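Note sheet for the following structure.
The values are calculated or read from the model by the stated rules, or taken from the named source; none is laboratory data. These numbers come from a predicted model, not from an experiment. Glycine also receives a Cβ, built like all others from the backbone with ideal geometry; neighbour counts cover every protein chain displayed. Only protein heavy atoms, including side chains, enter the accessible area calculation; ligands, DNA and RNA are left aside. Shrake-Rupley method; radii C 1.70, N 1.55, O 1.52, S 1.80 Å.
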Amino acid sequence: MSVLRQSATELLAKLNAGEVTSVQLTQAHLDQIKQHDGQVKAFLRVDPAAALARAKEIDDRRKAKKPLGLLGGLPVAIKDLLCTEGETTTCGSKMLEHFKPPYDATVIKKLKAADAVLIGKTNLDEFAMGGSTENSAYQKTANPWDLARTPGGSSGGAAACVAAGMAPLSIGTDTGGSIRQPAALCGVTGLKPTYGRVSRFGLVAFASSLDQIGPLARTAEDAALLLEVLAGHDPLDSTSVDVPVPKYSETVKQPLKNLRIGLVREHFGEGLEPEVEKAVRDAVEVYKSLGATVKDISLPHGKYGVATYYIIAPSEASSNLARYDGVHYGHRTNEKQMVAELADERNKLVAAGKTAAAEALDNPLVRMYRRSRAEGFGPEVKRRIMLGTYALSAGYYDAYYLKALKVRRLIRQDYDVAFNEVDLIVGPVTTSPAFKLGEKVDDPLSMYLVDLYTVSANLAGIGGISIPCGMSRNLPLGLQLQAPPFEEERLLRAAHMFQQATDWHQQFPAMVPKA
Amino acid sequence: MLSRADVEKVSLLARLELTPEELERMTAQMVQIVGYVEQLAELKTDDVQPMAHALEVHNVFAADEVRPSLPREAALANAPHHDKEFYLVPAVLGE
């Protein structure tokens, strides 16, 4: 079997047995990128020479029998929302086209220390705002299963590159479903950890109370391996929680006994495509055959999740993105031209006797901010900044932002009640398989509703995983498992059980060679 | 309901310059999205404590000790306009 179809865990065993070198593995993935990424467009930047040099260095250390980190020479792709020291980090935005961070994100440091080979930076919706990767300022990523369709988003490049055999492991971020939804639409495994499980230091902030970094991979075992590297307390992120990191890569193989599964009544309502529902119900049968019991449960406030999310996330975004001011870093408008235009506007108004209007013109600094941001941000980012600014503005704060924070607690309480009765909540990730590129770009609200099944986990701060559970019209479908806070081990073990009993995670699009 | 003038005011608060066409489109889209999120009003939440964060909020203190910080050169390296000592911005006084 081609190395491009093997799991990271299998590849690591081969590396350690001397059956393959990191240089060979890295080269095989670079070749696949060269051959197919012109169409998939998963990567924004790849530096083959640097990746191969790093692989060579790890091979040399292995040959010299020196100790190696947990990832010992495996290629890993990085979502371009994570700071890599001295290397361009764009966040999919024109605003940061030339931005070279002065430091590495904590997860990048951890990956380097674990001897990963960083193979490239992947495409995303601008600042992770979107569900189709079409909001990138640079390119639209295609779904490797059908190039006319979206890979999902915002971690679309991260999911597409794993599905397309361009990287066995990749790092995504999830604010409202941005790991789980593209994982589902591309047929890979994607885990959003509990809020606080992974340090966000060096992750460019979108909505700080919701953002979380997590792994995308071919199997649950691989996701466990990668999470073990990523997780843990970091003094540089005061919201990262100081609890021990389990040995996920070891415990993932232990099946769960007497598993109690909850099926959410409200998940099977209007809008869910019959084939998705069938795949989810079939998956539940698989769990039953493995000894699980199933209980019908309710998350009554789940239907308010999207509305709550689209107040809280834009509010936090409007504040976080205030840092892009054209002064400290990022895009700045042509200042001479801007100042000359402003003087011209003023002169015309004064000449016309409109002194009040002339007085009301922006001062040059404000105009510089406004124009730099207008030029640097794309339409979706502007929309969210506007929504958030509105929701936080005087007179509306109580009705929108404060209200949303209260509903957020109701959503969390629903989970707390449900997890008294069940160990895991099982359901769909999306209502349908991958939609067509361009299908929802002109209708922001319909794009927001894509997040229906995923946003609640972010609002509640709990973990969730998406695993392949079926196919519809030759497009992958995802199954979502959700667990109480800091129960990633349970998610991974349950996902692994499923993958031992099924082969949905071993399906590949035609562009990934068999041999 | 949100008016075009409201949206224009928000664009100043948000430090965004919008063209007349953008203002038009943004108003229509914000009316639609705000209309959707207003469904939260149907929930009674008088006795519910707001939840700003997924974790129990607590203060995290760092030891008060001098540690190396970003050198000036590195801090200015990404600045679009600087004089090697300061960030430069358009003049706001004495126009």
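Pairs meeting the criteria (first residue in region A:282-302 and under 15 Å from residue A:420 (Cα atoms) and of a type in the set (S, T, N, Q), second residue modelled with pLDDT of 95 or more and assigned to a strand (DSSP E or B), beta carbons under 8 Å, at least 6 apart or on different chains) are A:293/A:260; A:293/A:261; A:298/A:264. Residue count for region A:391-408 satisfying the condition of being surrounded by fewer than 19 Cβ atoms within 10 Å (Cβ to Cβ) and at the interface with another protein chain (Cβ under 8 Å from one of its Cβ atoms): 3.
Looking only at region A:60-76, how many residues end up being surrounded by 24 or more Cβ atoms within 10 Å (Cβ to Cβ) and over 18 Å from residue A:228 (Cβ atoms)? Here the count works out to 0. Look at residue A:288 and say whether it is open to solvent by 50 Å² or more (accessible area, probe 1.4 Å) and either at pLDDT 95 or above or of a type in the set (Ser, Thr, Tyr) (or both). Yes: the conditions hold for residue A:288. Among the residues making up region A:336-355, those that are in a loop (DSSP other than H, G, I, E, B) and exposed (fewer than 12 other Cβ atoms within 10 Å of the Cβ) are A:352, A:353.
The residue of region B:35-73 that is least open to solvent (accessible area, probe 1.4 Å), among those that are out of contact with any Phe, Trp or Tyr (no Cβ under 8 Å at 6 or more places or on another chain) and outside any loop (DSSP other than H, G, I, E, B), is B:35. For region A:79-96, a residue qualifies if it is within 11 Å of another protein chain (Cβ to nearest Cβ), in contact (Cβ under 8 Å) with a residue 60 or more places away in the chain and part of a loop (DSSP other than H, G, I, E, B), and exactly one does: A:89. Checked against (1) open to solvent by 30 Å² or more (accessible area, probe 1.4 Å); (2) more than 9 Å from chain B (Cβ to nearest Cβ); (3) part of a helix (DSSP H, G or I), residue A:358 meets all criteria but (1). In region A:181-195, the residues that are more than 11 Å from residue A:434 (Cα to Cα) and open to solvent by less than 10 Å² (accessible area, probe 1.4 Å) form Cβ pairs under 8 Å with partners that are of a type in the set (S, T, N, Q) and modelled with pLDDT under 95, at six or more places apart or across chains, as follows: A:195/A:239. Answer yes if at least one residue in region A:435-449 is in a loop (DSSP other than H, G, I, E, B) and under 13 Å from residue A:280 (Cβ atoms), and no otherwise. The answer is no, given that none of the residues of region A:435-449 is in a loop (DSSP other than H, G, I, E, B) and under 13 Å from residue A:280 (Cβ atoms).
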